[in-house]
Amino acid sequence: MFKQHINSIDQYSHGLCIDINCDMGEGMLNDASFMPFISSANIACGYHAGNEDVIKKTIELALEHDVAIGAHPSYNDRENFGRLSQTIALVELAELISDQISVFEKITNQMGCKIHHIKLHGALYNDCAKDALSSKIVAQTIQAIDPSIMLYGLSGSHTIKEARAIGLRSVQEVFADRTYQANGQLTPRYLDHALITDPIESAKQVLSMVLDQELKTHDGSMIAVNAETICIHGDHPGAVEIAKHLFNTLQQHKIEIKQP
């Protein structure tokens with residue numbers, strides 16, 4: 001089916017648009033290089049990376065390029081870059097989210113802009129994707145702070161379902177640079193095949209997700225996905241080249257790149 005789309009791409013892609021987001025403010029020194037090729041930025045809130053000065057500088061870059069400004073909260077774990085799961089009480093989870101958004105919102109208010117979206121980081125993202133109650137607390141916390149803020153979450157996950165259950169707008173996310181398991185979860189990073197570093201392979205996976213709403217997992221099975229935003233990780237090998245190639249590929253296929 002994917003080949004059919006490629007052979008008659010104008011018919012299938014006419015009118016399609018997709019968001020490209022990237023995790024930023026994490027000390028990777030390539031944020032400025034990414035900006036021309038994305039439409040949303042997820043900016044670290046200081047718990048796994050970054051600080052107030054970095055947040056301000058990254059927001060300035062986003063404003064210069066008309067890129068949507070998002071907060072990227074995580075577990076309080078700089079030592080492990082927020083990529084180790086933690087067991088915390090639900091009230092602590094609510095405080096974890098609200099504290100980081102509060103810091104971020106203070107800065108956006110000072111700079112005369114607004115938070116467009118929230119995207120959880122690392123282990124917190126994956127833990128909530130698999131747990132309905134944690135996702136519900138996250139969604140409720142965001143809604144209480146500002147119901148206009150969108151929540152980006154793994155396509156088909158509890159993050160999406162719980163946000164929609166309370167009327168918080170959610171955006172279903174897929175990944176350009178990660179492989180998937182048959183259950184729809186991302187392949188754990190400790191496995192050799194977890195990352196996609198070839199720009200051509202990455203773009204091929206994205207086209208399948210956007211046009212056919214499906215992708216091939218590492219074990220060869222096909223799973224359904226709903227792609228509304230595409231993530232590229234700034235800390236992956238060759239990440240800027242992946243972003244540039246994806247941007248150009250989507251434009252060639254008449255798919256508009258646009259923030260939700």
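The values are calculated or read from the model by the stated rules, or taken from the named source; none is laboratory data. The structure displayed is predicted, hence computed values, not measured ones. Please note: Cβ atoms are built from the backbone with ideal geometry, for glycine as well, and neighbour counts cover all protein chains shown.
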Anything in segment 109-143 that is β-branched (Val, Ile, Thr), closer than 15 Å to Ser157 by Cα and either in contact with a strand residue (DSSP E or B) (Cβ under 7 Å, 6 or more places away or on another chain) or buried (at least 22 other Cβ atoms within 10 Å of the Cβ) (or both)? List them, or say none. Val138
Restricting segment 207-225 to residues that are free of Cβ contacts under 8 Å to residues at least 60 places away in the same chain and surrounded by 20 or more Cβ atoms within 10 Å (Cβ to Cβ), which is farthest from the chain's Cα centre (by Cα)? Leu215
Can you name every residue in segment 202-225 that is part of a loop (DSSP other than H, G, I, E, B) and either touching a Leu at 6+ places or on another chain (Cβ under 6 Å) or not acidic (Asp, Glu) (or both)? Gln213, Thr217, His218, Gly220, Ser221, Val225
If you go through segment 199-235 one residue at a time, how many are out of contact with any helix residue (DSSP H, G or I) (no Cβ under 7 Å at 6 or more places or on another chain) and within 18 Å of Lys119 (Cβ to Cβ)? 6
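Given the structure, is Ala89 over 14 Å from Cys128 (Cβ atoms) and in contact with a Ser or Thr (Cβ under 9 Å, 6 or more places away or on another chain)?
On the way: over 14 Å from Cys128 (Cβ atoms): yes; in contact with a Ser or Thr (Cβ under 9 Å, 6 or more places away or on another chain): no.
For Ala89, the condition - over 14 Å from Cys128 (Cβ atoms) and in contact with a Ser or Thr (Cβ under 9 Å, 6 or more places away or on another chain) - is not met.
Table: residues versus (1) farther than 19 Å from Gly153 by Cα; (2) outside any loop (DSSP other than H, G, I, E, B); (3) not charged (D, E, K, R).
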{"position": "Leu63", "(1), (2), (3)": "yes, yes, yes"}
{"position": "Ile69", "(1), (2), (3)": "no, yes, yes"}
{"position": "Asp77", "(1), (2), (3)": "yes, no, no"}
{"position": "Glu92", "(1), (2), (3)": "yes, yes, no"}
{"position": "Ile107", "(1), (2), (3)": "yes, yes, yes"}
Return the pairs, sorted by first residue and then second, in which the second residue is at pLDDT below 95 and buried (at least 17 other Cβ atoms within 10 Å of the Cβ), the first residue lies in segment 231-260 and is at negative phi and of a type in the set (D, E, K, R), the beta carbons are less than 8 Å apart, and the residues are 6+ apart or on different chains. Asp235/Met28
Taking the stated definitions as given, is Asp127 within 17 Å of Leu90 (Cβ to Cβ), modelled with pLDDT of 95 or more and not hydroxyl-bearing (Ser, Thr, Tyr)? yes
Counting only residues that are closer than 30 Å to Ser148 by Cβ, free of Cβ contacts under 8 Å to residues at least 60 places away in the same chain and either among the small types (Gly, Ala, Ser) or outside any loop (DSSP other than H, G, I, E, B) (or both), how many does segment 162-192 have? 11
Can you find even one residue in segment 65-82 that is farther than 24 Å from Ala132 by Cα and surrounded by 23 or more Cβ atoms within 10 Å (Cβ to Cβ)? yes
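Looking at segment 226-249, which of the residues that are among the aliphatic types (A, V, I, L, M), closer than 20 Å to Pro260 by Cβ and assigned to a helix (DSSP H, G or I) is farthest from the chain's Cα centre (by Cα)? Give the steps one after another, and end with the answer.
Taking segment 226-249 and keeping what is among the aliphatic types (A, V, I, L, M), we get 227, 230, 232, 239-240, 242-243, 246.
Restricting the remaining residues to those that are closer than 20 Å to Pro260 by Cβ gives 227, 230, 232, 243, 246.
With the extra rule that they be assigned to a helix (DSSP H, G or I), the set shrinks to 243, 246.
Details: Ala243: 13, Leu246: 15 Å.
Once the filter is applied, the top-ranked residue is Leu246.
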Of (1) among the hydrophobic types (A, V, I, L, M, F, W, C); (2) surrounded by fewer than 21 Cβ atoms within 10 Å (Cβ to Cβ); (3) in contact with a Leu (Cβ under 9 Å, 6 or more places away or on another chain); (4) more than 13 Å from Leu16 (Cβ to Cβ), Val240 fails just (3)
